[in-house]
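Note sheet for the following structure.
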């Protein structure tokens, strides 16, 4: 099992068969080639939301890999679900916030184990909220691809399976809103 997580312009790669690597986008292709030679049976990848260019790049890479290795299973997972798995279990409501790099955030609120209520909001509005907020751009010292693999075994994954797709398509699990 190989996991590729996109956060801004960084690609995080993790595999059960290979040592963890944290990569910049300039060498992700060569690392994926090496990992493909290890005969992985399943590829998990970010389906967004994130920066448009990053999502287009990862989508293109996955489609190319699926042509080269049709025997593999491809599983696209919403970034909301991966980040939600980092929320401590004792936090029962709050918001997952993914920076758009345009002064606002893709947000999805949660109650208990369920993610719901997707919206696009300005940074000021998010900061005025008293709820728990997990920001994607403030996570440090975590290989988020490893988090994706671990998340597959969690109760949060089972409760939010609608945010997962067996496809190489980029599908957020929600319909994006754009104010621009």
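The values are calculated or read from the model by the stated rules, or taken from the named source; none is laboratory data. The structure displayed is predicted, hence computed values, not measured ones. Because the Cβ atoms are built from the backbone with ideal geometry, glycine has one as well, and the counts that use them run over all protein chains shown.
Among residues of region 18-31 being under 20 Å from residue 150 (Cα atoms) and either out of contact with any strand residue (DSSP E or B) (no Cβ under 7 Å at 6 or more places or on another chain) or modelled with pLDDT of 75 or more (or both), the one that is surrounded by the fewest Cβ atoms within 10 Å (Cβ to Cβ) is 19. Going by the conditions given, is residue 109 part of a strand (DSSP E or B) and assigned by TED's automatic domain parsing to the domain that holds residue 144? Against the criterion (part of a strand (DSSP E or B) and assigned by TED's automatic domain parsing to the domain that holds residue 144), residue 109 does not qualify. Starting from residues that are loosely packed, with under 12 Cβ neighbours inside 10 Å and at pLDDT below 80, keep the ones in region 112-137 and report whichever is farthest from residue 157 (Cα to Cα). Once the filter is applied, the top-ranked residue is 128. Tallying residues that are more than 27 Å from residue 4 (Cβ to Cβ) and either in contact (Cβ under 8 Å) with a residue 60 or more places away in the chain or in contact with a strand residue (DSSP E or B) (Cβ under 7 Å, 6 or more places away or on another chain) (or both) within region 93-118 yields 4.
For region 90-106, how many residues meet the condition of being surrounded by 15 or more Cβ atoms within 10 Å (Cβ to Cβ) and part of a loop (DSSP other than H, G, I, E, B)?
Number satisfying all stated conditions: 1.
Scanning region 150-173 for residues that are at pLDDT 80 or above, under 15 Å from residue 75 (Cα atoms) and in a loop (DSSP other than H, G, I, E, B) yields 152, 153, 160. The residues on offer are 80, 45, and the sole one that is under 17 Å from the mean Cα position of the chain (by Cα), modelled with pLDDT of 85 or more, closer than 21 Å to residue 158 by Cβ and crowded, with 23+ Cβ neighbours inside 10 Å is 80. The combined condition, being outside the structural domain of residue 44 (by TED's automatic domain parsing), in contact with a strand residue (DSSP E or B) (Cβ under 8 Å, 6 or more places away or on another chain) and either at pLDDT 80 or above or not in a strand (DSSP E or B) (or both), is not fulfilled by residue 147.
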